[in-house]
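Here the structure is laid out as structure tokens; the discussion comes afterwards.
The values are calculated or read from the model by the stated rules, or taken from the named source; none is laboratory data. None of these values were measured; they are calculated from a predicted model. Neighbour counts run over all protein chains shown; Cβ positions are idealised from the backbone, glycine included.
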Amino acid sequence: MSTNEVAQKFAALIKEHREDEAQQVLYAADVVSVEAAAMPNMPAEIRGLDAVKEKSRWWIENNIVHSATAEGPFPHGDRFAMVYEFDVTSKPTGDRRQMKEVAVYTVRSGKIAREEFFYST
């Protein structure tokens, strides 16, 4: 698949809230995921599809998602970007917050090989 095809399929799955399927079908086994800041008990950069799935599982288990939107994709060469907005409550603290982030994905050999998240910390 071309970068644009990966981007279009990824965006469609994300907008349908099918994140697990997007990871399983479109991510490389050795994907690298980079957050703007480390999360509790997790470094800012992780490697491998299993680690990415665990990070997603942790996020879902620790937050109540009131709403989530995705905009994009915005393709550029071997990369594409998505813009996400979330309204979430942290389960451990009870703090509710609105978040906006930009994610940049790099595609190699028809799979997402790298994801980087940009947001205010």
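When the residues of region 36-71 are narrowed to those that are over 13 Å from the mean Cα position of the chain (by Cα) and either on the phi > 0 side of the Ramachandran plot or among the β-branched types (V, I, T) (or both), which ends up surrounded by the fewest Cβ atoms within 10 Å (Cβ to Cβ)? If we take residues in region 36-71 being over 13 Å from the mean Cα position of the chain (by Cα) and either on the phi > 0 side of the Ramachandran plot or among the β-branched types (V, I, T) (or both), then N41 is surrounded by the fewest Cβ atoms within 10 Å (Cβ to Cβ). A Cβ distance below 6 Å, combined with a sequence gap of six or more or placement on separate chains, defines the contacts here; from region 66-86, residues that are over 20 Å from S120 (Cα atoms) and among the charged types (D, E, K, R) reach residues that are modelled with pLDDT of 95 or more and outside any strand (DSSP E or B) in the pairs D78/T3.
Which of the residues spanning region 102-121 are part of a strand (DSSP E or B) and polar (S, T, N, Q)? Within region 102-121, just T106 meets the criteria.
When you check K91 against the structure, is it among the charged types (D, E, K, R), over 27 Å from T3 (Cβ atoms) and modelled with pLDDT of 95 or more, yes or no?
Numbers: among the charged types (D, E, K, R): yes; over 27 Å from T3 (Cβ atoms): yes; modelled with pLDDT of 95 or more: yes.
Yes, satisfied.
Might you let me know whether region 92-103 holds any residue that is out of contact with any His (no Cβ under 7 Å at 6 or more places or on another chain), touching a residue at least 12 places away in the same chain (Cβ under 8 Å) and of a type in the set (S, T, Y)? Let's see the steps before the verdict.
From region 92-103, those out of contact with any His (no Cβ under 7 Å at 6 or more places or on another chain) are 92-103; that's our starting set.
From what is left, the residues that are touching a residue at least 12 places away in the same chain (Cβ under 8 Å) are 92, 96, 98-103.
Still in the list and also of a type in the set (S, T, Y): none.
Among the residues of region 92-103, not one is out of contact with any His (no Cβ under 7 Å at 6 or more places or on another chain), touching a residue at least 12 places away in the same chain (Cβ under 8 Å) and of a type in the set (S, T, Y), which makes the answer no.
Every condition in (1) modelled with pLDDT of 95 or more; (2) within 18 Å of Q24 (Cα to Cα); (3) exposed (fewer than 14 other Cβ atoms within 10 Å of the Cβ) holds for T106 except the one numbered (3).
Screening I60 with (1) of a type in the set (A, V, I, L, M); (2) within 16 Å of A22 (Cβ to Cβ); (3) touching a strand residue (DSSP E or B) at 6+ places or on another chain (Cβ under 9 Å) gives one miss only, at (3).
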